[in-house]
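Contents: one structure, followed by commentary.
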């Protein structure tokens, strides 16, 4: 077995054994280095140095992340936010690599609720930064009026809860109108509006909703946009 595969296997063993996504280099050496050496048939005198080199390579491949707590976050698979307490930089890494998941859990679990809220808070922070802290459909940029709005709803697509491609920064006005299907987006980001008889205020907001301002990265994907159009009846 090559060193890269042996180290990844060791990280996964440690993660499963301890029920954690995080491991320190020292703990990995103490618990797994001997097995790694066996798996690779290594005869070198300094296997810990080889381990350090491989860990750096895995960081560059974004399969692991070195956190502010001085540990390696195993990110070769999905990371469930309610499973353990993670530092903000680890959560942000999971979000920007589309590895973060937010599962359902029984109500009353205080620790799980707190972790979920931290995950939601980091999704909101990154989503707003992605849209330069301004509504994607108008010029509102007051922080207390901005919302990280999910395209496909939280309950409808759990896999999209932490996916930035499923989140658009909207003002509270456009968030409400989008949620209730007064307008949607085509796959090429053209506005599609519902034909209704509207009062003056609502008509004015909809008339001003002429275009979508693209984000810095993580643009909405057709998978989520199609789901929104189907749900709101704006498929034609």
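The values are calculated or read from the model by the stated rules, or taken from the named source; none is laboratory data. Please read these numbers as outputs of a predicted model, since none were measured by experiment. Cβ sites come from the backbone with ideal geometry, for glycine too, and all protein chains shown count toward neighbours.
Within region 74-83, take every residue that is in contact with a helix residue (DSSP H, G or I) (Cβ under 7 Å, 6 or more places away or on another chain) and closer than 17 Å to residue 17 by Cβ and give me the one that is surrounded by the fewest Cβ atoms within 10 Å (Cβ to Cβ).
76
If residue 155 meets every condition in (1) out of contact with any helix residue (DSSP H, G or I) (no Cβ under 7 Å at 6 or more places or on another chain); (2) without any contact (Cβ under 8 Å) to a residue 40 or more places away in the chain; (3) over 22 Å from residue 79 (Cβ atoms) apart from one, which number is that one?
(3)
Evaluate the following for residue 24: is it surrounded by 15 or more Cβ atoms within 10 Å (Cβ to Cβ) and touching a residue at least 12 places away in the same chain (Cβ under 8 Å)?
So residue 24 fails the test.
Looking only at residues in region 75-127 that are part of a helix (DSSP H, G or I) and farther than 24 Å from residue 146 by Cα, which one is modelled with the highest pLDDT?
90
Hey, can you tell me all the residues within region 141-166 that are in a loop (DSSP other than H, G, I, E, B), surrounded by 16 or more Cβ atoms within 10 Å (Cβ to Cβ) and in contact with a strand residue (DSSP E or B) (Cβ under 9 Å, 6 or more places away or on another chain)?
Within region 141-166, 151, 157, 161, 162, 163 qualify.
Just the residues that are free of Cβ contacts under 8 Å to residues at least 24 places away in the same chain and either assigned to a loop (DSSP other than H, G, I, E, B) or closer than 14 Å to residue 12 by Cα (or both), please, taken from region 42-74.
Those that are free of Cβ contacts under 8 Å to residues at least 24 places away in the same chain and either assigned to a loop (DSSP other than H, G, I, E, B) or closer than 14 Å to residue 12 by Cα (or both): 43, 44, 45, 46, 61, 68.
Which numbered condition trips up residue 132, out of (1) more than 21 Å from residue 202 (Cα to Cα); (2) surrounded by 15 or more Cβ atoms within 10 Å (Cβ to Cβ); (3) touching a strand residue (DSSP E or B) at 6+ places or on another chain (Cβ under 9 Å)?
With (1) more than 21 Å from residue 202 (Cα to Cα); (2) surrounded by 15 or more Cβ atoms within 10 Å (Cβ to Cβ); (3) touching a strand residue (DSSP E or B) at 6+ places or on another chain (Cβ under 9 Å) applied to residue 132, the lone miss is (2).
Yes or no: region 194-215 includes at least one residue that is closer than 30 Å to residue 80 by Cα and without any contact (Cβ under 8 Å) to a residue 24 or more places away in the chain.
No.
Of the numbered conditions (1) touching a residue at least 12 places away in the same chain (Cβ under 8 Å); (2) under 20 Å from residue 158 (Cα atoms), residue 29 fails exactly one; give the number of that condition.
The single condition residue 29 does not satisfy is (2).
Among the residues of region 178-215, which ones are closer than 30 Å to residue 103 by Cβ and buried (at least 19 other Cβ atoms within 10 Å of the Cβ)?
Scanning region 178-215 gives 178, 184, 185, 215.
Inspect all residues belonging to region 84-100 and state whether any of them is free of Cβ contacts under 8 Å to residues at least 12 places away in the same chain, surrounded by fewer than 18 Cβ atoms within 10 Å (Cβ to Cβ) and outside the structural domain of residue 220 (by TED's automatic domain parsing).
The answer is no; no qualifying residue exists.
Would you point out which residue out of 187, 156 is under 22 Å from the mean Cα position of the chain (by Cα), assigned by TED's automatic domain parsing to the domain that holds residue 210 and closer than 25 Å to residue 94 by Cα?
Answer to the selection: 156.
Hey, could you check region 10-21 for residues that are exposed (fewer than 12 other Cβ atoms within 10 Å of the Cβ) and part of a helix (DSSP H, G or I) and say which is farthest from the chain's Cα centre (by Cα)?
The selected residue is 17.
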